[in-house]
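Just dropping this structure here.
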Amino acid sequence: MSTQRETPTSTPAKRRILGPCSVVFTAANTGSWRLERPQLDESKCIRCGTCARSCPTDCITVSRDGCPVVFDWYYCKGCGICVNECPKNALSLVKERGEH
Amino acid sequence: MLKMMAASKGLVTHGVSSCQGCGIELIIRNVLDVLGEDTVLVIPPGCAALFSGTGPEAAVKLAGIQGNLENSAAIASGIAAGFRHQGNEHTTVCAFCGDGATVDIGLQSLSGAMERNENILYICYDNEAYMNTGIQGSSSTPLGASTTTTPAGKPVGSKDLIQIVMAHGVPYAATASVADLGDLRRKVKKAKGIKGCRVLHIHCPCPTGWGYHSSKTIELAREGVDSGAWVLMEYENGRVKLGRRPSKLGHAEDYMKLQKRFRTAVGELTAQTNERIISRYEYLEKLERLGGE
Ligand SMILES: Cc1ncc(C[n+]2csc(CCOP(=O)(O)OP(=O)(O)O)c2C)c(N)n1
Ligand code: SF4
Ligand code: SF4
Ligand code: SF4
């Protein structure tokens with residue numbers, strides 16, 4: 001049978017952490033998984049931001065000026081949710097290697 | 001202190017190894033965006049553990065712990081007790097757990113935390129199976145859904161988590177879905193502002209486990225809500241409040257047809273699913289009316 005420890009656990013002489021401790025904030029290159037990528041037809045885009053809000057990787061930036069939609073290709077997994085959710089059909093999925 | 005080796009817009013890194021189109025990724029980004037930096041996370045094993053760090057690599061800019069499948073609510077209770085001792089009334093203690101970790105293996109610790117009304121926010125993302133270990137059926141797996149442990153389709157329906165939660169009389173509980181991220185954020189914000197044990201149950205489509213193209217995650221969640229297969233509701237001060245009435249209540253055919261896990265559920269099972277959806281919804285409507293009296 002185990003006995004209760006007599007020293008109070010709230011004032012340890014030394015603080016020790018057991019197990020792995022995640023201290024390095026990193027990011028995997030999930031863009032390398034992509035087989036297809038979203039492509040924008042600027043003439044149809046109304047800059048509504050739906051695609052950015054729907055993106056699981058949060059890799060889309062929608063701007064008021066200039067190019068309306070910018071993707072961060074280092075992270076885009078090519079899931080296609082942005083394409084599916086765009087209310088104006090301004091996005092389409094194209095093969096990553098260019099062959100349609 | 002974190003060593004920053006990557007930049008991110010919010011509290012979650014952009015490069016996480018969850019599958020393409022994973023619902024958890026959408027949910028956790030929105031949840032943490034609303035909860036903010038003053039939050040401690042408890043995440044059990046499961047797909048969400050990808051966000052609690054792997055070895056030295058962290059995926060969120062928050063303190064947190066990966067516990068066991070059995071005890072997320074107990075660990076969160078302990079952390080909340082520690083904060084209480086320190087006089088800290090501001091930090092949110094958030095448990096973020098799968099359905100297996102909630103309705104099966106961790107149900108006792110969640111029940112205890114709800115009974116004691118611990119000051120925690122318990123979130124169950126429900127992908128309706130044990131996904132991380134290879135799609136085994138859980139008690140959240142719906143009737144007729146095929147998993148590796150129910151290859152011919154699950155012969156019984158799922159546990160009704162929100163009703164189990166309501167039976168504990170917690171101050172606030174709600175269901176939400178990736179179908180309506182605005183509504184989800186509103187509910188997280190509301191839960192954050194309430195003291196005591198708050199529970200959110202969030203529908204979380206999983207392309208890998210449910211068998212659909214990754215682009216359909218939100219569309220599928222929408223079909224779930226529109227058919228009543230997933231009911232949006234809130235429970236506050238003992239009162240039930242339902243969301244907008246499902247536009248196709250009791251017609252889950254389109255929802256089921258989009259998913260390979262229901263390929264064995266034809267004819268009779270679809271009819272049975274629809275009947276259950278309607279009778280559950282009518283019961284919830286009665287509860288809502290009771291609260292209004
Ligand atoms: C008591 C116990 N049994 C089994 C496991 C193995 N296990 C690790 S993750 C996991 C799946 C958890 O499923 P769920 O909570 O639904 O989360 P999901 O993987 O679906 O996101 C299992 C069974 C465990 N860690 N502990
Ligand atoms: S959802 Fe479509 S219309 Fe809206 S900003 Fe994105 S690409 Fe443009
Ligand atoms: S394809 Fe998926 S990951 Fe890529 S930008 Fe669209 S929603 Fe985001
Ligand atoms: S198996 Fe499902 S829940 Fe798990 S990471 Fe993949 S899509 Fe997400």
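The values are calculated or read from the model by the stated rules, or taken from the named source; none is laboratory data. Just so it is clear, the structure is predicted and the values come from calculations on it, not from any experiment. No Cβ is skipped: glycine too gets one built from the backbone with ideal geometry, and neighbour counts run over all protein chains shown. Accessible surface areas use protein heavy atoms only, side chains included; no ligands, DNA or RNA. Shrake-Rupley method; radii C 1.70, N 1.55, O 1.52, S 1.80 Å.
Do any residues in the stretch A:39-55 that are more than 20 Å from residue B:29 (Cα to Cα) have Cβ atoms under 6 Å from those of residues that are within 6 Å of ligand 2 (Cβ to nearest atom) and of a type in the set (D, E, K, R), where the two are at least six apart or on different chains, and which pairs are they?
Matching pairs, first to second residue: A:44/A:88; A:46/A:88.
Which residues, taken from the stretch A:86-100, are of a type outside the set (Gly, Ala, Ser) and more than 8 Å from ligand 3 (Cβ to nearest atom)? Please lay out each step first, then the result.
Our first condition is that a residue be of a type outside the set (Gly, Ala, Ser); within the stretch A:86-100, this holds for A:86-89, A:91, A:93-97, A:99-100.
Hits for the stretch A:86-100 are A:86, A:87, A:88, A:89, A:94, A:95, A:96, A:97, A:99, A:100.
So which residues in the stretch B:188-214 are surrounded by fewer than 22 Cβ atoms within 10 Å (Cβ to Cβ) and either away from ligand 3 (no atom under 16 Å from the Cβ) or outside any helix (DSSP H, G or I) (or both), if there are any at all?
B:189, B:190, B:192, B:193, B:194, B:195, B:196, B:211, B:212, B:213
Same structure again: Restricting attention to the stretch B:20-62, which residues are within 16 Å of ligand 4 (Cβ to nearest atom), surrounded by fewer than 20 Cβ atoms within 10 Å (Cβ to Cβ) and either among the polar types (S, T, N, Q) or more than 19 Å from residue B:100 (Cα to Cα) (or both)?
The answer is B:54, and nothing else.
Just to verify a result, which residue in the stretch B:1-40, among those that are part of a loop (DSSP other than H, G, I, E, B) and of a type in the set (D, E, K, R), is nearest to the other protein chains (Cβ to nearest Cβ)?
The initial filter retains those residues of the stretch B:1-40 that are part of a loop (DSSP other than H, G, I, E, B), namely B:1-2, B:5-11, B:13-22, B:36-38.
Then drop every residue that is not of a type in the set (D, E, K, R), which leaves B:9, B:37-38.
Details: B:9: 6, B:37: 13, B:38: 18 Å.
Only one residue fits best here, namely B:9.
Starting from residues that are part of a helix (DSSP H, G or I) and open to solvent by less than 20 Å² (accessible area, probe 1.4 Å), keep the ones in the stretch B:215-242 and report whichever is nearest to the other protein chains (Cβ to nearest Cβ).
In the first step, residues of the stretch B:215-242 are kept if they are part of a helix (DSSP H, G or I); the result is B:215-227.
Next, only the ones that are open to solvent by less than 20 Å² (accessible area, probe 1.4 Å) stay: B:215, B:217-218, B:220-221, B:224, B:227.
On the way: B:215: 3, B:217: 6, B:218: 6, B:220: 10, B:221: 11, B:224: 15, B:227: 18 Å.
For the stretch B:215-242, the residue satisfying everything is B:215.
Table: residues versus (1) at pLDDT below 95; (2) closer than 23 Å to residue B:219 by Cβ; (3) within 16 Å of ligand 1 (Cβ to nearest atom); (4) touching a helix residue (DSSP H, G or I) at 6+ places or on another chain (Cβ under 8 Å).
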| position | (1), (2), (3), (4) |
| --- | --- |
| A:25 | no, no, no, no |
| A:40 | no, yes, no, no |
| A:79 | no, yes, no, yes |
| A:83 | no, yes, no, yes |
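Got at least one residue in the stretch B:125-136 being more than 18 Å from residue B:208 (Cα to Cα), open to solvent by 10 Å² or more (accessible area, probe 1.4 Å) and at pLDDT 95 or above? Don't jump to the end; show me each part of the working.
To start, the set of residues in the stretch B:125-136 that are more than 18 Å from residue B:208 (Cα to Cα) comprises none.
So far as the stretch B:125-136 goes, no, none of its residues is more than 18 Å from residue B:208 (Cα to Cα), open to solvent by 10 Å² or more (accessible area, probe 1.4 Å) and at pLDDT 95 or above.
Okay, next question. Could you list all residues from the stretch B:108-128 that are outside any strand (DSSP E or B) and either free of Cβ contacts under 8 Å to residues at least 24 places away in the same chain or in contact with a strand residue (DSSP E or B) (Cβ under 8 Å, 6 or more places away or on another chain) (or both)? Give the derivation first.
Step one: of the stretch B:108-128, the residues outside any strand (DSSP E or B) are B:108-120, B:127-128.
Scanning the stretch B:108-128 gives B:110, B:113, B:114, B:119, B:120.
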